[in-house]
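The values are calculated or read from the model by the stated rules, or taken from the named source; none is laboratory data. Being a predicted model, the structure only gives us computed values, none of them experimental. Please note: Cβ atoms are built from the backbone with ideal geometry, for glycine as well, and neighbour counts cover all protein chains shown.
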Amino acid sequence: MTVIVTAVFTPKEGAFDDVVAALSPAIAEVHEEPGCLLYAIHEDPNGQILMIEKWETAELLDAHGAGEAVQRLNASLEGLLEEPVEVTRLAPIVAGTQHQGLL
């Protein structure tokens with residue numbers, strides 16, 4: 001079963017564009033990792049940045065979390081965030097057809 005992850009980034013005052021600049025290079029890089037089906041960032045109206053990820057398995061997600069791309073990303077975010085990144089792994093609640101209830 002695939003794993004969906006959200007990560008919420010809260011930029012410091014005036015650092016929104018810097019956080020986007022830090023996150024953007026990781027998008028293409030992480031899409032090349034085994035098991036990555038989706039790795040995308042979106043702007044929340046409240047000024048936060050929401051990353052949505054989809055992974056083939058929890059094991060491949062764990063490997064990503066321990067990988068060099070995440071280490072580089074964390075280093076590039078140093079000093080730009082108001083609070084720690086809030087990461088949540090989600091489990092699907094299938095409703096409707098098999099595909100309608102899944103991301």
**Q.** Verdict on residue 66 being exposed (fewer than 13 other Cβ atoms within 10 Å of the Cβ) and over 13 Å from residue 5 (Cα atoms)
**A.** yes
Q) When both residues are 6+ apart or on different chains and their Cβ atoms are under 7 Å apart, which pairs have a first residue that lies in the range 30-56 and is under 10 Å from residue 8 (Cα atoms) and crowded, with 17+ Cβ neighbours inside 10 Å, and a second that is at pLDDT 95 or above and of a type in the set (D, E, K, R)? A) 49/43
Q) Can you tell me which residues in the range 69-78 are surrounded by fewer than 11 Cβ atoms within 10 Å (Cβ to Cβ) and closer than 16 Å to residue 8 by Cα? A) 78
